[in-house]
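The structure appears below as structure tokens.
The values are calculated or read from the model by the stated rules, or taken from the named source; none is laboratory data. Quick caveat: nothing in here was measured; it's all calculated off a predicted structure. Ideal geometry is used to build each Cβ from the backbone, glycine not excepted, and the neighbour counts take in all protein chains shown. Side chains included, ligands, DNA and RNA excluded: accessible areas come from the protein's heavy atoms. Shrake-Rupley method; radii C 1.70, N 1.55, O 1.52, S 1.80 Å.
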Amino acid sequence: MIEIIRQCFREHFAGDGILYAAPGRVNLIGEHTDYNLGFVLPGAIDKSFYMVIAPNGTQLCNLFSIHFDAMVSFSIDETALPEALWSRYVFGEIKELQALGCKVGGFNAVVASDIPIGAGISSSAAFTSVTGIALNDLFDLKLSKMELAKAGQMCEHHYVGVRCGIMDQFASLHGREATLMRLDCRSLDYEYIPFAPDGLSLLLLDTQVKHSLASSEYNLRRADCEAGVAQLRQRYPSIESLRDVSLEVLEAHRSELSPVVYNRCSFVVEENERLLRACRALEEGDYALCGAQMYGSHEGLSKKYEVSCPELDYLQGIAQNYPGMLGARMMGGGFGGCTINLLQEDAVDEFIEFCGNSFSKKFWKELRPIKVRIGKGAGIIV
Ligand code: GLA
């Protein structure tokens, strides 16, 4: 990949560029909690978005995508969105950096990725992150990784239309080898948690289902949570987000919320508690207890938050009863994408075969297994 992208840069633009990479992410537990200012537990993975880039001394940004085999050019001061959807991640990231007062110059760049698209492992956050880290470096913008994460998140809000939380961009920029990160999405404090369980592996099973309503449903879930907060705040003015709501308070005022809003809020409050239990279990090396929280997370995502789909539920059901499995759940925003499975290393290949066969018999589709390692965060590649 690295050689191909360097070579492609030479073919389209004279000379060599500098190579940057930003990874996708997994999230062990803590789903739909980030925009509710709760906790998440992601890690960067060994699959990345790559960008070879060089300033060109003009006002023009020339961007070539290997995946789309297409070139897009726009002026650095352009305000109209480029037509090609993929290029809006770069365009939007530049606009967000400019909104922070940063001076970005023109450049030539080639982008490529080995992150499966639509699998829910944050290829889009990796795209804005690689753009952010490269421009920060080349134009000496002096932004911190957290500032870049926020810019990437705002790019999604303003230029893609998804009101996402900060987990994906944070994870892509801050990741470390064999380490998960517990991020408090309210204070933005985070803690590195070593994660290299002996004899265990993380395996993603991609349903290859991409729900066309995923982003509108995502925004609706966020609105349901906000409606719950607004309602509870009438009683408790100090409540600013679901992070400030306890199960007791929620139960006490259940009848004041619509059943849907109650379910959404209850999932989020419980998910934060499951995450904290999972972190304690990890500290004690109790992977079975950690896995039990993952099972609970799936149940809530499917029944209360309603962001699963038949394919994800089916795979999770198989996993939960499989020998050697410790924990499994759907991962990411939902409505498709993949499950994350924590299982014994020596059970991985048989499990893949078993799931692949029964999945294709049931759904007439191919299952895509993705073996992942927790890798490092975004940066330059020399
Ligand atoms: C997507 C969003 C994240 C987060 C997850 C769900 O990946 O980009 O901010 O909300 O869904 O946990």
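Some points to look at:
- Three-way shape call for segment 184-238 based on the alpha-carbon gyration tensor, with the a/c threshold at 1.5: oblate
- Evaluated at q = 0.08, 0.09, 0.12, 0.17 Å⁻¹, a Debye calculation over the C-alpha positions of segment 139-290 (equal weights, vacuum) places log10 I(q)/I(0) at -0.31, -0.39, -0.71, -1.27.
- Area accessible to solvent at Asp140, 1.4 Å probe radius, in Å²: 100 Å²
- Cross-link pairs exceeding 22 Å between alpha carbons, from the set Lys304/Lys362; Lys103/Lys142; Lys145/Lys304; Lys47/Lys362; Lys47/Lys365: Lys304/Lys362; Lys145/Lys304; Lys47/Lys362; Lys47/Lys365.
- Between helix 287-303 and the chain: long-axis angle, C-alpha atoms, 0 to 90°, nearest 10: 90 degrees
- For the chain, adding -39500 (n - 2.57) for each run of n ≥ 4 DSSP H residues and dividing by the number of residues yields -13000 deg cm²/dmol at 222 nm.
- Surface composition of segment 335-382: carbon and sulfur atoms hold 52% of the protein heavy-atom accessible area at a 1.4 Å probe.
- Sites Arg280 and Ile352 - FRET efficiency at Förster radius 22 Å, r taken between beta-carbons, to 0.05: 0.10
- Toward the positive end of the charge dipole of segment 165-322, with +1 on the Cβ of Lys and Arg and -1 on the Cβ of Asp and Glu, the farthest Cα among Ala178, Leu289, Tyr236 is that of Tyr236.
- Relative contact order of the chain: 23 percent, from C-alpha pairs under 8 Å at least 6 residues apart in sequence.
- Under 5 Å from the amide H of Ile45 lie the amide H atoms of Gly24, Arg25, Val26, Gly375, each residue being 5 or more positions distant or on a separate chain, with H modelled from the backbone and absent for Pro and chain starts.
- Percent accessible area from carbon and sulfur atoms, segment 83-200, protein chains only, probe 1.4 Å: 48 percent
- If you plug the beta carbon distance of Arg176 and Ser255 into 1/(1 + (r/R0)^6) with R0 = 56 Å, you get a FRET efficiency near 0.75.
- The spacing between segment 160-190 and segment 269-283, judged by their C-alpha centroids, is 17 Å.
- Folded to 0 to 90 degrees: helix 310-320 orientation relative to the chain principal axis, Cα: 60 degrees
- Assigned charges on the beta-carbon of Lys, Arg, Asp, Glu; the chain dipole about Cα centre (debye): 480 debye
- For segment 106-230, averaging the sequence separation of C-alpha pairs within contact (under 8 Å, six or more residues apart) and dividing by the residue count gives a relative contact order of 22 percent.
- Rounded accessible area per residue of segment 1-91, 1.4 Å, Å²: 40 Å²
- Separation of the Glu217 and Asp198 label points, Cα + 7 Å toward Cβ, nm: 4.2 nm
- Remark: accessible surface ordering of Lys371, Lys210, Lys365 (largest first) is Lys210, Lys371, Lys365, probe radius 1.4 Å.
- Cys290 accessible area, assembled protein chains, probe 1.4 Å, Å²: 0 Å²
- Virtual paramagnetic centre 7 Å along Cα→Cβ of Gln98, amide N under 20 Å, in segment 42-64: 54-64
- Solvent-free Debye calculation, one equal scatterer per alpha-carbon of segment 229-284: log10 I(q)/I(0) at 0.12, 0.22, 0.29, 0.30 Å⁻¹ equals -0.31, -0.80, -1.19, -1.24.
- In this structure segment 164-274 gives 45 Å² per residue of accessible area when probed at 1.4 Å with all protein chains present.
- Share of carbon and sulfur in the accessible heavy-atom surface of segment 257-304 [1.4 Å probe, %]: 53 percent
- Inter-label distance for Tyr236 and Asp140, nm, one decimal - labels placed 7 Å from Cα along Cα-to-Cβ: 5.0 nm
- Listed residues Glu11, Glu78, Glu96 arranged by accessible area, highest first, probe 1.4 Å: Glu11, Glu78, Glu96
- If both residues of a DSSP beta bridge must be in the chain, then about 90% of such bridges are antiparallel.
- The value of relative contact order for segment 1-85, using C-alpha pairs under 8 Å at least six residues apart, is 24 percent.
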